[in-house]
1. Enter the angle in degrees (range 0 to 90, nearest 10) between the Cα long axis of helix 14-28 and the first principal axis of the Cα atoms of the chain, meaning the one along which they spread out most.
2. Can you pull the Kirkwood radius for the chain, inverse mean 1/r over Cα pairs, to one decimal in Å?
3. Which net charge results for the neighbourhood of Ser37, defined as the other residues with beta-carbon distances under 9 angstrom from its beta-carbon, given Lys and Arg at +1 and Asp and Glu at -1?
4. For the chain, take the longest principal axis of its alpha carbons; what is the angle in degrees between that and the long axis of helix 77-100, to the nearest 10 within 0 to 90?
5. Mind giving me the FRET efficiency for Ile52 and Asp4? R0 is 30 Å, r the Cβ-Cβ distance, nearest 0.05 is fine.
6. Write down Rg/Rh for the range 1-48, rounded to two decimals, with Rg from the C-alpha atoms and Rh from the Kirkwood relation over Cα pairs.
Amino acid sequence: MQIDIQTHGLALTEDLRAYTERRLRYALSWAKSHIRSIEVRCVNENVPFGGIWNRCTLCLRVQRGEDLIIKDLQADVHTAIERACDRASRTLARQIHRRRGVHMNGYLYPESF
């Protein structure tokens with residue numbers, strides 16, 4: 001898995017880079033054969049409902065499937081990264097199951113996706 005991490009408005013420290021890579025590998029290690037690359041963007045945003053918040057955007061380039069874009073907005077950048085990684089894992093699992101025609105919640109998704 002190739003991981004590209006960029007930030008805007010906050011410092012990309014070695015701790016933040018290591019944390020991001022560790023969370024991504026933990027959440028998506030089961031699907032590394034399905035992922036070509038991952039782009040991570042962490043941005044400070046001034047939001048209308050008060051203060052500076054951190055947006056984490058994950059873009060997963062998927063083999064034989066649609067690319068996934070996951071966004072999360074939190075006050076803490078670590079929380080935003082953690083939640084985005086967890087959502088990416090669940091969303092990718094659904095996409096793979098649909099493509100394979102696997103039963104999920106009582107529904108059978110077609111073979112061709």
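Here, each number is a calculation from the coordinates, and none is a lab measurement. What you see is a predicted model; the values in this text were computed from it and never measured. All Cβ positions, glycine included, derive from the backbone under ideal geometry; neighbour counts span all protein chains shown.
1. Result, in degrees: 20.
2. Working: mean 1/r = 0.0671 Å⁻¹.
Result for the chain, one decimal place: 14.9 Å.
3. It works out to a net charge of 0.
4. 10
5. Details: r = 24 Å, r/R0 = 0.80.
Computed FRET efficiency for Ile52 and Asp4: 0.80.
6. Using Cα coordinates only, the ratio equals 1.04.
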